[in-house]
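A quick write-up on the structure given underneath.
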Amino acid sequence: KVSISILWTSVRKMLRPISKYHLMTTSLLVFWSMYGFVTGQKNSTLIFTKDNNIRNCSCSTDIRDCEYSLANLMCSCRTVLQQTISRATPGPSYSSDLTLWFSDTSALSLLLNFTSVHDLKLSLCGAAPLPSEYLAVLGLRRLRIHSSAATNAPDQSLVIHSVSDRTTQNGLDIEPRESKNLFYISYLDTALFNGYSLMKSYSVVNVSSISDHFPHLPYSNAITDAPDQTYIVTFIY
C-alpha cells in the first residue's frame, strides 16, 4: 500500500505540468481561432483586369501591387464579365477598402468612374504613360496610389477629408455627418500616375450646382442637383 501511494504521488506530480501545458495550448488555439474570425470580417475588395478578364476578389490580407498570381492564390476571386458592368451613374458602392489594379485609362474608367468608396488604392501595373482624363469618385476620404511608371515617387498617399473635418453652413461650424445634404465628389486626373510631380489636391466648398459652377467639367451634367444639396468638389492631380 505504501509503494502504491508513493507511485500515485509521483504520477500526480508528473501530470500537473502536463495539464498546465495543455491548458495553455488550448487557450492559444482559442485565441488564434477568435483572432482569425475577427480579422476575417475585415476583408478588402481587390479588382483587377488581366488578359481581357476582370477579377473581383475578397482579400483578408494585403497583396503586393500587381501580383496577379498571388492574388488568385491568397484571395477569394471570381471572374466578372465586362458586359455585365453597369456604366450608369452613380456606380457601385463599396463599404470596405477598395483596391484597383489597371494598365490603361479605359480599364480604370470602367471600374472606377462614379464609384462610391471611402478608402481607395489605385495601382498602375504598367510603364506606359497615361493621358490626362478626369474620373469621378464619390465620398472619397483617402487615396493611395502606386505607379510602376513613376520612378521618383511610386507610392503616394493623400487624405481628402476625415469624419472629424468641419465645414461651415450659415456661419456655423458643423460636422459633415450632421449635414445630411452635404455631398463629396472628387475628380481624379489620371496623368498623376506618370509621376511628373507629387500628388496634390484642392477643394471647392459650398457648391450648389456642379453644372453651373463647372460647366466644362466632364460628367457635370450626369449629376442631378437636389434642393438644398451642397457639394464639396475636390480636384486631385
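The values are calculated or read from the model by the stated rules, or taken from the named source; none is laboratory data. None of the values given here were measured: they were computed from a predicted structure. Positions of Cβ are backbone-derived with ideal geometry, glycine not excepted, and every protein chain shown enters the neighbour counts.
Is there a residue being of a type in the set (Gly, Ala, Ser) and either closer than 19 Å to residue 123 by Cβ or in contact with a helix residue (DSSP H, G or I) (Cβ under 7 Å, 6 or more places away or on another chain) (or both) anywhere in the stretch 69-78? Yes, that holds for at least one residue. Answer with yes or no whether residue 105 is touching a Phe, Trp or Tyr at 6+ places or on another chain (Cβ under 7 Å) and at pLDDT 90 or above. When the stated conditions are applied, residue 105 does not pass them. Do we have residue 69 as surrounded by fewer than 19 Cβ atoms within 10 Å (Cβ to Cβ), closer than 23 Å to residue 137 by Cβ and not basic (Lys, Arg) here? The answer is no for residue 69. Of all the residues in the stretch 55-80, those that are within 12 Å of residue 111 (Cα to Cα) and modelled with pLDDT under 95 number 1. Which condition number does residue 109 fail, the rest of (1) part of a loop (DSSP other than H, G, I, E, B); (2) free of Cβ contacts under 8 Å to residues at least 60 places away in the same chain; (3) surrounded by fewer than 19 Cβ atoms within 10 Å (Cβ to Cβ) being met? Evaluating residue 109 over (1) part of a loop (DSSP other than H, G, I, E, B); (2) free of Cβ contacts under 8 Å to residues at least 60 places away in the same chain; (3) surrounded by fewer than 19 Cβ atoms within 10 Å (Cβ to Cβ) leaves (1) as the failure. For residues that are at pLDDT below 85 and farther than 26 Å from residue 158 by Cβ, tally how many sit in the stretch 205-237. Number of matching residues: 6. Residue 140 meets the stated requirement of being out of contact with any Pro (no Cβ under 6 Å at 6 or more places or on another chain), at pLDDT 95 or above and assigned to a loop (DSSP other than H, G, I, E, B). Residue count for the stretch 208-237 satisfying the condition of being farther than 29 Å from residue 198 by Cα and among the hydrophobic types (A, V, I, L, M, F, W, C): 3.
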